[in-house]
Amino acid sequence: MILNAAHLKKSFVGETVIDDASFFLNEHDKAAIVGPNGAGKSTFIKLMLKILTPSSGKIYYNGKNIEHAGNDYFRNIGAVLEGNRNLYWYMSAKENLRYYGRLMGLADNIIRNRTEELLSVMDLQGHENKKVGYCSRGMQQKVALMTALIHSPKILFLDEPTLGLDLTTKLSVI
């Protein structure tokens, strides 16, 4: 088991958003969290990313409580948060990728190779030096996906990953 949670609960000011959720993922598993707006999907992802702390329950990565997880946990996960909150708008796509690649401990030559590969996959060649704040919503979403993938994470959390993408790209992401 690579990731598991036991009896997760998250409440905000007396309102319980997640109540007694448990799950496990083995390596190479794929899972989706589906539900209506307000069901707690984004909250769940934020718990997995340690952005929020559970009101009760535990989350484990490779048998270790993520409460005490260090850089090893974060070097093995990638995430796209709703609204492209993981992007720096004043930086270009290439600069964002370099920043996140270095944050994940990648060597510059690996970052360059992965950047070229991801620019090709996302069909963004020729736009890599454009400031993200001046890109279309769909281009911003592609850059967000690329930053989540720059270090080839073992676990990828995607919160509304196809927002703003054209139909062809949506189908390739799914």
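The values are calculated or read from the model by the stated rules, or taken from the named source; none is laboratory data. Small disclaimer: the values here were computed from a predicted structure and weren't measured. All Cβ positions, even for glycine, are placed from backbone atoms using ideal geometry, and neighbour counts span all protein chains on display. Side chains are part of the model used for accessible areas, which takes the heavy atoms of the whole protein and leaves out ligands, DNA and RNA. Shrake-Rupley method; radii C 1.70, N 1.55, O 1.52, S 1.80 Å.
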Select from 100, 36, 47 the residue farthest towards the positive end of the dipole of region 1-129; place +1 on Cβ of Lys and Arg, -1 on Cβ of Asp and Glu, and compute about the Cα centre. 47
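Taking Cα atoms of region 74-174, Rg/Rh with Kirkwood Rh, to two decimals? Numbers along the way, then the final one.
Values: Rg = 12.2 Å, Rh = 13.3 Å.
Ratio of gyration radius to Kirkwood radius: 0.92.
How large, in percent, is the carbon and sulfur part of the accessible surface of region 46-174 at a probe radius of 1.4 Å? Could you put the intermediate results ahead of the total?
Values: 3530 of 6930 Å².
Within region 46-174, the accessible surface is 51 percent carbon and sulfur.
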Which one, 59, 139, 169, projects farthest toward the positive side of the charge dipole computed for the chain from Cβ point charges (K/R +1, D/E -1)? 139
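Assigning unit charges at the beta carbon (Lys, Arg +1; Asp, Glu -1) and nothing else, what dipole magnitude in debye, to the nearest 20, does region 1-83 show about its Cα centre? Before the final figure, lay out each step's value.
Numbers: 9 positive and 8 negative charges, 24 e Å.
With only Lys, Arg, Asp and Glu charged at Cβ, the dipole is about 120 debye.
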If I model a spin label at residue 9 and residue 102 as a point 7 Å from the Cα along the Cα→Cβ vector, what separation in nanometres do I get? 4.4
Simple label model, 7 Å out from Cα along Cβ direction - residue 170 to residue 154, nm: 3.3
With only alpha-carbon atoms counted, please give the Rg and Dmax of the chain, in Å. 16.8, 50
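Might you report the magnitude of the Cβ-based charge dipole of the chain about its Cα centre, with Lys and Arg at +1 and Asp and Glu at -1, to the nearest 20 debye?
The dipole of the chain has a size of about 300 debye.
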Given +1 on the Cβ of Lys and Arg, -1 on the Cβ of Asp and Glu, and no further charges, what dipole in debye does region 85-174 carry about its Cα centre, rounded to the nearest 20? 180
At what distance in angstrom do the alpha carbon centres of region 41-57 and region 88-165 lie from each other? 24
Prolate/oblate/rounded call for region 42-91, Cα gyration tensor, a/c under 1.5 rounded: oblate
For region 1-60, alpha-carbon Rg relative to the globular expectation (2.2 N^0.38 Å, N residues): 1.10
For residue 156, distant residues with modelled amide H under 5 Å away: 78
Hz values of 3J(HN,Hα) by residue in region 93-105 - Karplus curve (6.51, -1.76, 1.60), Gly and Pro given as x: 4, 4, 5, 4, 5, 5, 4, 5, x, 5, 4, 8, x
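With the other protein chains left in place, how much accessible area per residue, in square angstrom, belongs to region 24-132 at a 1.4 angstrom probe?
Values: 6590 Å² over 109 residues.
On a per-residue basis, 60 Å².
Show 112, 137 ordered by accessible area, largest first, where the area counts protein heavy atoms only and the probe is 1.4 Å. Provide the component values of the computation, followed by the final result.
Details: 112 145, 137 85 Å².
Sorted descending by solvent-accessible area, the residues read 112, 137.
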Quick one: what are the phi-derived ³J(HN,Hα) couplings along region 153-163, Karplus 6.51/-1.76/1.60 with θ = phi - 60°, whole Hz, x for glycine and proline? x, 6, 10, 10, 9, 10, 10, 6, x, 9, 4
Quote the accessible area belonging to residue 33 in square angstrom, nearest 10, computed with a 1.4 Å probe and with ligands, DNA and RNA left uncounted. 90
